[in-house]
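Any read-out appearing in this document is the output of simple, stated calculations on the displayed coordinates, not a laboratory observation. This one's a predicted model, so the numbers in the text were calculated from it and none came from an experiment. Glycine gets a Cβ as well: all are built from the backbone with ideal geometry, and neighbour counts include every protein chain shown.
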Amino acid sequence: MRSISKRFGHITALTEIDLDLYEGEVLALLGDNGAGKSTLIKVLTGVCAPSSGEIHFEGRSVSLTSPSVARDLGIETVYQDLALIPRMSIARNFYLGRELTKQVGPFRVLDHDAMNRGATEALREIGIDIRDTDEPVGSLSGGERQSIAIGRAVHFGSQVLILDEPTSALSIGETRKVLGYIASARERGMSVIFITHNLQHVFEVADRLAVLANGTKVGDFQRDEVTEAQVAEMITS
């Protein structure tokens, strides 16, 4: 991202932000509430267009005019609300918007068996073991739901995975698993943007840190170039 600015009327949400993301890297995107993190991610995922600036993907300039354009490039996002439907099965949620179908007579119908098999295999590949993908998502714990959303994004997003506060409401054990999934995505060669307020988690899994404040980038560091205390001061000052 080069010189990205975003204005909403007379309000400037982002000012001349440069941000790089490399293959097989976990980038922690940090900042206090209102720093501009959400707006920057909306620009990157095609939810809203920048007022000025350019986005380059794999060396070429791209115009992310919608979330579907971003997904077609391999950019997948897991938001805090997870975008899961509680009464729908794990497999149906996994393939939500990408449903597998089969021909039955003159009609195309949902292929539940194929989706159950596909979801089970895809989740198992990144270390997520689900007993029964026919279960409704609403019967799962918060950590299990988070794992389904992350597993879906890892499976379908072959290039970039964006995680918005993935551990904010999880137990210690579930948090450890999610951090493991982030490491697994990196090992698969994916680029990960990890948005969080938890600096301990940042220093466990991130390779690089970018800090926003008042819509500008105030820091960009390799993990071993700064301390937690220094980053905390940048965020709050």
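Give the angle, between 0 and 90 degrees and rounded to the nearest 10, that separates the Cα long axis of helix 142-156 from the longest principal axis of the Cα atoms of the chain. Relative to the chain, helix 142-156 is tipped by roughly 90 degrees.
Mean separation of Cα pairs under 8 Å and 6 or more residues apart, divided by the residue count, gives the chain a relative contact order of 28 percent. List the chymotrypsin sites (Phe, Trp or Tyr not before Pro) within the range 19-106 that fall in a DSSP loop (any state other than H, G, I, E or B) and whose Cβ has at most 10 other Cβ atoms within 10 Å. Passing both the DSSP loop test and the Cβ count: TYR22.
Bridging of LYS102 to aspartates and glutamates at a Cα separation below 15 Å is possible for ASP111, ASP113, once same-chain residues fewer than 8 apart are set aside. For the range 85-156, relative contact order (Cα pairs under 8 Å, six or more residues apart, normalised by length) works out to 40 percent.
Based on DSSP H runs of at least 4 residues, each adding -39500 (n - 2.57), what is the mean residue ellipticity at 222 nm of the chain after dividing by all its residues, to the nearest 500 deg cm²/dmol?
-10000 deg cm²/dmol
By the count of other C-beta atoms within 10 Å, a proxy for reagent exposure, ASP20, ASP111, ASP224 are ordered fewest to most as ASP224, ASP20, ASP111. For the range 1-46, GluC sites (Glu not before Pro) meeting the loop criterion (DSSP other than H, G, I, E, B) and having at most 14 other Cβ atoms within 10 Å: GLU23. Residues whose amide H falls under 5 Å from that of VAL26, counting only those 5 or more places apart or on a different chain, are VAL192, ASP207, ARG208, with hydrogens built in the peptide plane. Let me make sure I get this right: for the range 85-156, a, b and c are the square roots of the gyration tensor eigenvalues over alpha carbons, sorted descending. Under 1.5 in a/c it's rounded, otherwise prolate if a/b > b/c, else oblate. Which is it? Cα axes put the range 85-156 in the prolate bin. Considering only ALA210, ALA114, ALA13, the mean-square fluctuation computed in a Gaussian network model of the chain, springs between alpha carbons under 10 angstrom, is largest for ALA114. In this structure the amide hydrogen of VAL78, modeled in the peptide plane, comes within under 5 Å of the amide hydrogens of ILE162, LEU163, ASP164, none closer than 5 places in sequence on its chain.
Think of the chain as having a plus end and a minus end, set by charges on the Cβ of Lys, Arg, Asp and Glu; of ILE128, GLY173, ALA91, ALA91 sits farthest toward the positive end of this dipole. For the range 157-167, backbone phi angles converted through the Karplus equation (6.51, -1.76, 1.60; θ = phi - 60°) give residue-by-residue couplings of x, 6, 10, 10, 10, 10, 10, 9, 6, x, 10 Hz, Gly and Pro being listed as x. Taking a cut-off of 16 Å between Cα atoms, list the lysines near LYS6, but don't count ones fewer than 8 places away on the same chain. Output for LYS6: LYS37, LYS42, LYS217. Each Lys and Arg adds +1 at its Cβ and each Asp and Glu adds -1 at its Cβ; summed about the Cα centre, the range 85-156 shows a dipole of about 240 debye.
For the range 137-169, there are no residues whose amide N sits under 11 Å from a probe point set 7 Å from the Cα of PHE203 along the beta carbon direction.
Among the listed values (i) 72, 43, 31; (ii) 55, 36, 33; (iii) 60, 39, 30, the one computed from these coordinates for Cα extents along the principal axes in Å is (iii). Taken along the Cα-to-beta-carbon direction at a fixed 7 Å, the label points for THR101 and ASN33 span 4.4 nm.
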